[in-house]
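Engineer: Take this structure, written in structure tokens, and hold onto it; I'll ask about it next.
The values are calculated or read from the model by the stated rules, or taken from the named source; none is laboratory data. Quantities reported herein were computed from a predicted structural model and do not represent experimental measurements. Quick reminder, even Gly has a Cβ in these numbers, built from the backbone with ideal geometry, and neighbours come from all protein chains shown. Note: accessible area is taken over every heavy atom of the protein model, side chains too, but ligands, DNA and RNA are not part of it. Shrake-Rupley method; radii C 1.70, N 1.55, O 1.52, S 1.80 Å.
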Amino acid sequence: MSNTIIELKKADLTLGTVAASVHVLKSIDLKIDEGEAVGIVGPSGSGKSTLLMVLAGLERLDSGEIHIGKTPLHTLNEDRLADFRGKNIGIVFQSFHLIANMTALENVAVPLELANVPNPFDIARKELTAVGLGERLNHYPGQLSGGEQQRVAIARALAPSPAVLIADEPTGNLDTETGKQIADLLFSKQAERRMTLILVTHDTALAARCSRQIRVRSGQIEADSRAGTATRMAMA
């Protein structure tokens, strides 16, 4: 029997100023099980990236609830939320977000060091080797290809051994072949470590590799398909 690891209840969020506010998420209910690979898709401006940021603990809800495991993220202050996120959620962005004046090894190790994780450089070395960069530890981001930089970002996300790995357009800045290699890496690590993987993508082929696809439109879940079955969600 599957266990729910993420649950949203009546999740609602408006962004922007009062004069130019946008109701981005509209009373969303969602459950995601441990070990699922979930692709979130939808047109530009649909709210899918904002939904991902809420799931990552990077955006706060105006109302409603978000639970990851037994932790109610909506009740945590900023310090406790950042601590929880650092230990439990790995995040991979489209644009890598590496620190230019740090080596690949430092980019992975320093966040662990700041979180007081023992032996951060040993962990970083192991993770970089696991993503195929064992010979590039001392290279700076500017000396690495786009695919290599994304591998560093994945190693950084995996280093704390998170229960949830979140990826926002992880192949968006890469050519087709490199993007496929990065996708293969993400799915292999998800299966190997039995993590929950949640990704936003415009790439239908990438989304199709997930065990579940959620389509977002106008701030609501329009469709939810899993294990060969599709569910249309009621629209307000």
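Engineer: If you take the charge dipole of segment 120-236 about its Cα centre, with +1 on Lys and Arg Cβ and -1 on Asp and Glu Cβ, which of Leu144, Thr171, Ile198 is farthest toward its positive end?
Structural biologist: The listed residue farthest towards the positive side: Ile198.
Engineer: Assign unit charges at the C-beta atoms only (+1 for Lys and Arg, -1 for Asp and Glu), then state the dipole size of the chain relative to its Cα centre in Debye, rounded to the nearest 20. Spell out each step's value before the answer.
Structural biologist: Values: 25 positive and 27 negative charges, 95 e Å.
Result for the chain is approximately 460 debye, rounded to the nearest 20.
Engineer: Need one number: nm distance between label points at His97 and Ala20, each 7 Å from Cα along Cα→Cβ, rounded to one decimal.
Structural biologist: The modelled label-to-label distance comes out at 2.4 nm.
Engineer: Kindly express, to the nearest 10 degrees and within the range 0 to 90, the angle between helix 146-158's C-alpha long axis and the longest C-alpha principal axis of the chain.
Structural biologist: The answer is roughly 80 degrees.
Engineer: Counting pairs of alpha carbon atoms under 8 Å apart in space and at least six apart in sequence, what relative contact order in percent does the chain give? Could the numbers behind the result be given before it?
Structural biologist: Details: 454 pairs, mean separation 62.5, N = 236.
About 26 percent, as a whole number.
Engineer: Separate question: For the chain, take the longest principal axis of its alpha carbons; what is the angle in degrees between that and the long axis of helix 78-88, to the nearest 10 within 0 to 90?
Structural biologist: So the helix axis and the longest Cα principal axis differ by about 70 degrees.
Engineer: For the chain, what is the accessible area per residue in Å² when the probe is 1.4 Å?
Structural biologist: Ligands and nucleic acids excluded, the figure is 49 Å² per residue.
Engineer: Give the share of C-alpha pairs in each 5 angstrom bin for the chain, from 0 to the last occupied bin, in whole percents, shortest bins first.
Structural biologist: In whole percents, the pair-distance histogram is 1, 6, 14, 18, 19, 16, 12, 8, 4, 1, 0.
Engineer: What dipole magnitude, in Debye to the nearest 20, does segment 96-179 give about its Cα centre under +1 on Lys/Arg Cβ and -1 on Asp/Glu Cβ?
Structural biologist: The dipole of segment 96-179 has a size of about 200 debye.
Engineer: Of Thr17, Thr178, Thr75, which has the largest mean-square fluctuation in a 10 Å C-alpha GNM of the chain?
Structural biologist: The residue with the greatest mean-square fluctuation here is Thr17.
Engineer: Could I ask something else about it? Under a Cβ-only charge scheme (Lys and Arg +1, Asp and Glu -1), can you give me the dipole magnitude of segment 1-76 about the Cα centre, in debye to the nearest 20?
Structural biologist: Its charge dipole is roughly 140 debye.
Engineer: If the viscosity is 1.002 mPa s and the temperature 20 °C, what Stokes-Einstein diffusion coefficient in µm²/s follows for segment 163-224 when Rh is the Kirkwood radius over Cα pairs?
Structural biologist: The calculation lands on 173 µm²/s.
Engineer: With the full set of protein chains in place, find how many percent of the accessible area of segment 62-184 is carbon and sulfur; take the probe as 1.4 Å.
Structural biologist: Carbon with sulfur: 49 percent of the solvent-accessible area.
Engineer: Another question, then. Taking the mean number of other Cβ atoms within 10 Å as a proxy for protection, how do you rank 83-92, 187-196 from highest to lowest?
Structural biologist: Result, highest mean first: 83-92, 187-196.
Engineer: With a 10 Å cut-off between alpha carbons and a GNM built on the chain, which of Leu114, Leu128, Leu199 moves the most?
Structural biologist: Leu114
Engineer: Local charge sum around Leu8 (other residues, Cβ-Cβ under 9 Å, Lys/Arg +1, Asp/Glu -1)? Walk me through the intermediate numbers first.
Structural biologist: Values: positive: Lys9, Lys10, Lys31; negative: Glu7, Asp29, Glu65.
Result for the local shell: 0.
Engineer: Semi-axes of the equivalent ellipsoid of segment 96-139: what are they in whole Å, largest first, if each equals the square root of 5 times a C-alpha gyration tensor eigenvalue? Kindly include the intermediate steps, with their values, before the conclusion.
Structural biologist: Numbers: eigenvalues 49, 36, 12 Å².
For segment 96-139, the semi-axes come out at 16, 13, 8 Å.
Engineer: Any chance you could run the full-extension gain for Glu113 through Arg60? It's 0.36 nm times the residue separation minus the Cα-Cα distance, nm to one decimal.
Structural biologist: Working: separation 53, 0.36 × 53 = 19.08 nm, distance 2.65 nm.
Gain in length upon complete extension: 16.4 nm.
Engineer: Next question. Just flag the GluC sites (Glu not before Pro) in segment 1-65 sitting in loop per DSSP whose Cβ has no more than 15 other Cβ atoms within 10 Å. Please report the intermediate quantities before stating the final value.
Structural biologist: Details: sites: Glu7, Glu34, Glu36, Glu59, Glu65; in loops: Glu34, Glu36, Glu59.
Here the sparse-neighbourhood loop sites are Glu34.
Engineer: I need the trypsin sites (Lys or Arg not before Pro) found in segment 23-66, filtered to DSSP loop residues with at most 14 other beta carbons within 10 Å of theirs. Working shown, then result.
Structural biologist: On the way: sites: Lys26, Lys31, Lys48, Arg60; in loops: Arg60.
When the trypsin sites (Lys or Arg not before Pro) of segment 23-66 are filtered for loop state and at most 14 Cβ neighbours within 10 Å, Arg60 remain.
Engineer: So, one more: Under a straight-distance cross-link criterion of Cα-Cα below 12 Å, which aspartates and glutamates are reachable from Lys48, leaving out those fewer than 8 residues away in the same chain?
Structural biologist: Within reach: Asp168, Glu169, Glu222.
Engineer: Could you check which residue among Ala56, Ala159, Ala205 shows the biggest mean-square fluctuation in a GNM of the chain with a 10 Å Cα cutoff?
Structural biologist: Most flexible of the set in this elastic network: Ala205.
Engineer: Give the value in nm², to one decimal: projected area of the alpha carbon convex hull of segment 44-164, averaged over all directions. Write down the numbers at each step before the final one.
Structural biologist: Values: hull surface 34.0 nm².
If you wrap the Cα atoms of segment 44-164 in a convex hull and average its projections, you get 8.5 nm².
Engineer: If each residue of separation counts as 0.36 nm, what is the full-extension length gain between His139 and Lys126 once their alpha-carbon separation is subtracted?
Structural biologist: 3.1 nm
Engineer: What lysines does Lys70 reach when the alpha-carbon gap must be under 17 Å and sequence neighbours fewer than 8 apart in one chain are set aside?
Structural biologist: Answer for Lys70, where 17 Å is the Cα cut-off: Lys9, Lys31, Lys87, listed by chain and number.
Engineer: I would also like to ask the following. Viscosity 0.692 mPa s, temperature 37 °C: Stokes-Einstein D of segment 98-197 from its Kirkwood Cα radius, in µm² per second?
Structural biologist: Values: Rh = 13.5 Å.
Answer, rounded: 242 µm²/s.
Engineer: Let me ask something additional. By how many degrees, 0 to 90 and rounded to 10, does the Cα axis of helix 104-114 deviate from the longest principal axis of the chain?
Structural biologist: 70 degrees
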